[in-house]
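The values are calculated or read from the model by the stated rules, or taken from the named source; none is laboratory data. The shown structure was predicted, so the numbers you read here are calculated from the model rather than taken from an experiment. Cβ: placed from backbone, ideal geometry, glycine included. Neighbour counts: every protein chain shown.
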Amino acid sequence: MEFHEKYSHVGYSYVGLPNGWVPIVEHAICEIEKEMWPRWLPMPVCRLVHWLATGDSVVRIKYWWAYRLRERLTRGQIIMDIKEKYATLRIYGSFGGNINDIIRRAEKECNQTCQDCGSNTEVEKVNLGWVYNLCATCTTKASNNLK
C-alpha cells in the first residue's frame, strides 16, 4: 500500500513526498494518528469513518452524519497537506497541542536529512533551479545531471 493511501484516514497527503523523508514522515504520522483518533477505535474503523465522511476528498463531504462523527472522534483535527517546499517539510491542517510538537520534530529532522537518499551526513540546502536539501553525494549527482 502506498504512503498516501496507508494514512488517508489521518488526512490528505502529498504523493510526491521526497523518498529520503518518507520514513521520518511515516513515523510522525503514526504518532499523529495515536493523538488524533481515540485509542480504543481500531484503525480499519478510523479509515472507514474518514472515507464515509469525506470520500478521501479535500473539498467535499460524502455523508454528513459520518463527517460529524469524524469531527467528534478526532476533535476536528485533520491533516490537509503534506509536502516539500523550499527544501523543508510542510504539514498543513487543523490540529493543536501535541500534534504541533510532533510536526515540529519531523520538520527539524527532515532539515537534517537528505531528501533523496535519507543520509544525515553533510546535508545542506542547494539551489539547482529548485531548492533541495541534499547530502554531498546527491548534490554531486544532481549537479552532473544538469550538465
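Against the numbered list (1) touching a residue at least 12 places away in the same chain (Cβ under 8 Å); (2) in a helix (DSSP H, G or I), D56 comes up short only at (2). In this entry, C138 is excluded by the filter for residues that are within 15 Å of the chain's Cα centre (by Cα) and in a helix (DSSP H, G or I). Checked against the criterion of being at negative phi, within 21 Å of the chain's Cα centre (by Cα) and β-branched (V, I, T), the candidates V126, V131 yield just one match: V131.
Under the condition of being more than 12 Å from E71 (Cα to Cα) and among the β-branched types (V, I, T), which residue from the range 43-58 is surrounded by the most Cβ atoms within 10 Å (Cβ to Cβ)? Taking the candidates together, the pick is V45.
Considering the range 109-134 alone, what residues qualify as being among the small types (G, A, S) and either modelled with pLDDT of 85 or more or not in a loop (DSSP other than H, G, I, E, B) (or both)?
The answer is G118, S119.
The set of residues from the range 100-126 being under 13 Å from V25 (Cα atoms) and surrounded by fewer than 20 Cβ atoms within 10 Å (Cβ to Cβ) comprises R104, R105, E107, K108, E109, N111, G118. Within the range 97-125, the set of residues being in contact (Cβ under 8 Å) with a residue 24 or more places away in the chain and hydrophobic (A, V, I, L, M, F, W, C) comprises I99, I102, I103, A106, C110, C114, C117.
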